[in-house]
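The values are calculated or read from the model by the stated rules, or taken from the named source; none is laboratory data. Everything numeric here is computed off the predicted structure, so don't read it as measured data. Cβ sites come from the backbone with ideal geometry, for glycine too, and all protein chains shown count toward neighbours. The accessibility values were calculated without ligands, DNA or RNA, using every heavy atom of the protein model including side chains. Shrake-Rupley method; radii C 1.70, N 1.55, O 1.52, S 1.80 Å.
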Amino acid sequence: MLFPKGPLDSGPYIRRGAAAAALILLSFACTATLAFLPAPQTPHKAFLLARHDAPSIRLCPTPNFMSSTSPSSEEQQQQQQQQQQQQQGQSATTTSTMSQQHNFMPGVVKPKKTNDLLPTMIVFDLDDCLWSPEMYTLHDKPSIPEYGNLATTTTTTTTTTNERGVVGLKVPPTGPTVRLFPGARHVLRELALNPIYAGIVLAAASSSEEPSYSHACLQGIEILPQLTLRQMMTYAQIGRTGPLSPDKRTHFRLLHQQSQVPYEEMLFFDDCNWGDHCWTVSREFGVVSQRTLAGLQYSEFVQALEKYQKETLQKRAAES
């Protein structure tokens, strides 16, 4: 008997409650004891699968936006090296674009021609040969650059690309615009880019009535990015006053004096619309000449080179 009986016989109820309490206490005691027991030697298969998968989960890197630690010094160095490489690559691309190799690089001594069947000097008329309109038709000096694609044709050395540059000069305020003939641009780009022509000197011989207009166009119109027509011309005799006249023989005498290039090593292009300058210069000095009645065409350039080679070989044969 754990409890004495009273006037009300509540003993059975009290004994049952005490027994229930004892069972609860025993349950807690068993649970606490099991917590400190070692793990069994043969765990359940499901537990083994969980432990097999666990390493792949624990080794997953923490996403950057959840990381509370800064990258290590080694990672920082790798990132800096990658950034430097990217910057160097971008810089190299920009440099190669800006410094395109051509036969008229500034500060580079022009080599001697390597092919005796090519002319030493090519001389161009300007109005109606390289460009249009003629200078005397303009009411003011062309001064407004017009931009466009410098590479409008396919040459033997380059394919058509989008090279932005000054393709013409407009007379203010509304024009007209002085532009090269497509064939003339083709020829000039070929002379600039093809290493076969690296030793050839270029010159201008024009009886322009507005020499300042002509010089402005030479200095403004580009053949390649950052390469103007004037930079390609080693010599330029332009005008019809002073030592120059409408007769192109005066221009060629000065070109010969300046360059010391023999007349027979010159090749001349002229539209001849105001007089047959080609015939006059050829008869007087023996200069090989080519008419360009509708503006310089690439086919006329090829024809003139063939004519020069033929006459050169004939002269050699006659001398031998």
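Shape of the range 160-286 from its Cα gyration tensor (a ≥ b ≥ c, root eigenvalues): rounded if a/c is under 1.5, otherwise prolate when a/b > b/c, or oblate?
The shape class here is oblate.
Work out the FRET efficiency for residue 149 and residue 273 from their Cβ-Cβ distance, taking R0 = 30 Å, and round it to the nearest 0.05.
Approximately 0.55, to the nearest 0.05.
Can you bin the range 253-304 into rounded, prolate or oblate? Criterion: square roots of the alpha carbon gyration tensor eigenvalues sorted a ≥ b ≥ c, rounded for a/c under 1.5, prolate for a/b above b/c, oblate for the rest.
prolate
Mean shadow of the range 171-231, computed from the convex hull of its alpha carbons, in nm²?
Numbers: hull surface 20.4 nm².
The Cα convex hull of the range 171-231, projected and averaged over all directions, gives 5.1 nm².
In a shell of Cβ-Cβ distance under 9 Å around residue 146, excluding residue 146 itself, what net charge do Lys and Arg (+1) and Asp and Glu (-1) give?
Net local charge, residue 146 excluded: +2.
Let me have the relative contact order for the range 170-274, percent, based on Cα pairs under 8 Å that are six or more residues apart.
Normalised by residue count, the contact order of the range 170-274 is 22 percent.
Net charge around residue 201, counting only other residues with Cβ within less than 12 Å of its Cβ (Lys, Arg = +1; Asp, Glu = -1)?
For residues surrounding residue 201, the net value is +2.
From largest accessible area down, sort 209, 265; use a 1.4 Å probe on the protein chains.
209, 265
Within the set of other residues whose C-beta is less than 14 Å from the C-beta of residue 296, count the net charge using Lys and Arg as +1 and Asp and Glu as -1.
Working: positive: 179, 185, 189, 291; negative: 125, 127, 128, 190, 270, 271, 300.
Net local charge, residue 296 excluded: -3.
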